[in-house]
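Trainee: Take a look at this one; I'll ask things after.
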């Protein structure tokens, strides 16, 4: 029978001075949870880990394998051996929580953090009948908005893998935001609660998520916390919480991409922090690197039709921000001044030109020098 | 000769137009012709999704359709652009209603999203379309004695649906670095930590903590340089590193620069000479 070595984290804070790893040889069959049960039944009954349902429902057996968060009952041993090419598998408890014993961690902290985001329904009496004899009907169409989020089983895989939790202790955790978002899009939930949730989400680090997507990767249930966080950010901006660097960054993207087809990394620091010096410093830094810079991106071919598509979508869809046309006109003027023509003519010319980037640098240098 | 549509995003124009020149030169040595998809726009940087996700899908349906109209597959170098475009492709390929709605908008420009072009990132393009052997053969100046730390960045490995390698234990970057003759370091402690590029404007201290951990663990392993296939991770390492109180001054490189150098292109043209944290090794 094929076997593999598991190096399992062992630590009993009441007895051990420090954690250590103990090696066990286990069969390569079934799941990681089967392997741990094999150890407990045959090799070492003192090993502690949590596992209840054994079928991906309760979420209690998440842990780390060579640093990667896995739900033990969902992870085939064969897959692990193939991934790690027969190397020993190091089994650790989840990160960002205290160890109670071996692979068992204390989940109180993330639970408390989650509670600050009101992850429950606050019924709107206009929608939810107070008379218990009447039902509050939810139609399948409506449920689509939170069909995935309700599958969160509090396994804390995302909390363990989270890059924001790692470096910001205030950060509430991916699952907590997903659970909050679930009620933000529930028609039965009262508006005042939705407003509060957004406030608490902001103070709980809503804009600190770095969008690494690890929470999507590790979630055994297909919840997409990083995407829910984007949705919550959009809601916060729509509700008027625009005085945040993240909200101003979003405005930069929305306006500049519409206007030029590109963001403008020279103006980004200035528009996020009102700091002109940043643009000058950045320009200087690039010059020191020997790179020529211009301040407006080359307007792309087909830009006008691109703008039509952009507007068409935004006119129909729920959105965080309105396009700021006065900002767009300012950008248009900058482009016109540099290229000495109106934006439509420039885009038309881009059709004819088809220059390489290098050629264009030369041309822009000429143009800028000629000002 | 392979011909492929090159998606530039924001990383290969404006301030960074030289990077596209480097890419072209480097790919020429591998018999690959990059055709610049000029009409493409910013992918939305995973930020437009906060405004409206369908807008992100529409922008990138258009970007992909521009490659399809030329009958070309698409090469995306930036990890984030790759992730955003690949997510859009997945949404369009699995949701007929969405595809139809967006195609109705693209039609006016004479475009249609069909789903026929493959979206490559640098790493799977080198692995699947070029082949490591071809890279090995193009090397004129092996990176002998270079200890290079392999750093993937997040958006080519996560989420799983768009990953270009085994997300838990990837190997493509190490294989490329080995083909260049480098000694690969891939067991440093924080190799899987995020570079923090996307939180620089919203939570700067977090970015700096991440850089400190990653570059600190790279330094501990005695690496000469970090190599990453993502231009954003590279910027985080080379530029944002200097925002740290005590920068560890670990040099870094965007993978094609290192390839260019190994293919015999000089440090100046390859871009290696222009880093803020100087690349001393040669």
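Trainee: Helix-only mean residue ellipticity at 222 nm, chain B, DSSP H runs n ≥ 4 weighted -39,500 (n - 2.57), per residue, nearest 500. What is it?
Mentor: That comes out to -11500 deg cm²/dmol.
Trainee: Can you classify segment A:47-93 as rounded, prolate or oblate using the Cα gyration tensor, where a ≥ b ≥ c are the square roots of its eigenvalues, rounded means a/c under 1.5, and otherwise it's prolate if a/b beats b/c and oblate if not?
Mentor: Prolate shape, in that a/c is at least 1.5 and a/b is the bigger ratio.
Trainee: From the convex hull of the Cα coordinates of segment A:80-163, what is the mean projected area in square nanometres?
Mentor: The number I arrive at for segment A:80-163 is 9.9 nm².
Trainee: Please identify which residues in segment B:67-88 have an amide N closer than 14 Å to a label point set 7 Å out from the Cα of residue B:116, following the Cα→Cβ vector.
Mentor: B:67-74
Trainee: Please label the shape of segment A:182-248 as rounded, prolate or oblate, based on the square roots a ≥ b ≥ c of the eigenvalues of the alpha-carbon gyration tensor (a/c under 1.5 means rounded; beyond that, a/b larger than b/c means prolate, else oblate).
Mentor: oblate
Trainee: Sum -39500 (n - 2.57) across every DSSP H segment of at least 4 residues in chain A, then divide by the residue count to get the 222 nm mean residue ellipticity, nearest 500.
Mentor: -13000 deg cm²/dmol
Trainee: Here's a follow-up. Under a 10 Å cutoff between Cα atoms, tell me which one of A:82, A:227, A:25 has the largest fluctuation in the Gaussian network model of chain A.
Mentor: Highest fluctuation among the options: A:82.
Trainee: What are the extents of the Cα atoms of segment A:108-238 along their three principal axes, in Å, largest first?
Mentor: Principal extents (largest minus smallest coordinate, Cα): 48, 30, 28 Å.
Trainee: Additional query: Taking Cα atoms, how many degrees apart are the long axis of helix A:303-316 and the longest axis of chain A, rounded to 10 and kept between 0 and 90?
Mentor: It is inclined by approximately 50 degrees.
Trainee: Using 0.36 nm per residue of separation minus the Cα-Cα distance, give me the extension gain between residue A:87 and residue A:281 in nm, one decimal.
Mentor: That works out to 65.0 nm of additional length.
Trainee: What distance in nm separates the two pseudo spin-label positions at residue A:120 and residue B:266, each 7 Å out from Cα along the beta-carbon direction?
Mentor: Placing both labels 7 Å along Cα→Cβ, they lie 7.1 nm apart.
Trainee: Take the Cα radius of gyration of the protein assembly as shown and divide it by 2.2 N^0.38 Å, with N its residue count; two decimals is plenty.
Mentor: 0.99
Trainee: Sort segment B:2-122 into rounded, prolate or oblate with this rule: let a ≥ b ≥ c be the square roots of the eigenvalues of the Cα gyration tensor; rounded if a/c is under 1.5, and if a/c is not under 1.5, prolate when a/b is larger than b/c, oblate otherwise.
Mentor: The shape class here is prolate.
Trainee: Using a 10 Å cut-off around each Cβ, can you sort A:122, A:127 from fewest to most neighbouring Cβ atoms?
Mentor: Listed from fewest to most nearby Cβ atoms, that is A:127, A:122.
Trainee: Angle check, please: helix A:357-369 long axis (alpha carbons) against the longest principal axis of chain A (alpha carbons), in degrees 0 to 90, nearest 10.
Mentor: 50 degrees
Trainee: Within 10 Å of each Cβ in peptide A:305-317, how many partner chain Cβ atoms are there on average? Round it to a whole number, please.
Mentor: 5
Trainee: Now, a different point. So what are chain B's ellipsoid semi-axes, whole angstrom, largest first, if each one is the square root of 5 times an eigenvalue of the alpha-carbon gyration tensor?
Mentor: 31, 22, 16
Trainee: Starting with the fewest neighbours, write out B:207, B:80, A:192 ranked by other beta-carbon atoms found within 10 Å of each beta-carbon.
Mentor: Final ranking by Cβ density, sparse to dense: A:192, B:207, B:80.
Trainee: Additional query: Along its three principal axes, how long is segment A:1-128 when you only count alpha carbons? Whole Å, largest extent first please.
Mentor: Taking the Cα atoms of segment A:1-128, the three principal extents are 64, 34, 24 Å.
Trainee: Based on Cα positions only, what radius of gyration and what Dmax would you give for segment A:18-61, in angstroms?
Mentor: Calculated on Cα positions, Rg and Dmax stand at 11.4, 33 Å.
Trainee: Using only the alpha carbons of segment A:215-289, what is the convex hull's orientation-averaged projected area in square nanometres?
Mentor: 7.3 nm²
Trainee: For segment B:62-106, build the convex hull from the C-alpha positions and give me its volume per residue in Å³.
Mentor: 70 Å³
Trainee: Quick one: Cα centre-to-centre distance for segment A:143-215 and segment A:56-93, in angstrom?
Mentor: Using only Cα atoms to place each centre, the spacing works out to 25 Å.
Trainee: Now for a different question. Which three lengths, in whole Å and largest first, does chain A cover when its Cα atoms are put on their principal axes?
Mentor: 82, 63, 36
Trainee: Here's a follow-up. Would you list A:315, A:208, A:62 from fewest to most Cβ contacts within 10 Å?
Mentor: A:315, A:208, A:62
Trainee: Using the alpha-carbon atoms, what tilt in degrees (0 to 90, nearest 10) does helix A:225-238 show relative to the longest principal axis of chain A?
Mentor: Between the helix axis and the principal axis of chain A, the angle is about 40 degrees.
Trainee: Right, something else. Just to be sure I understand: with springs between alpha-carbon atoms less than 10 Å apart, which residue in B:202, B:41, B:116 has the highest mean-square fluctuation in the Gaussian network model of chain B?
Mentor: Result for chain B, Cα springs under 10 Å: B:202 fluctuates most.
Trainee: Under a plain spin-label model, where a point goes 7 Å from the Cα along Cα-to-Cβ, how far apart in nm are residue B:97 and residue A:330?
Mentor: With each label point 7 Å from Cα toward Cβ, the separation is 4.0 nm.
Laboratory data are not the source of any read-out in this text; all were calculated from the coordinates shown. These numbers were taken from a predicted model, which means no experiment stands behind them. Note that we place each Cβ from the backbone using ideal geometry, even for glycine, and neighbour counts take in every protein chain shown.
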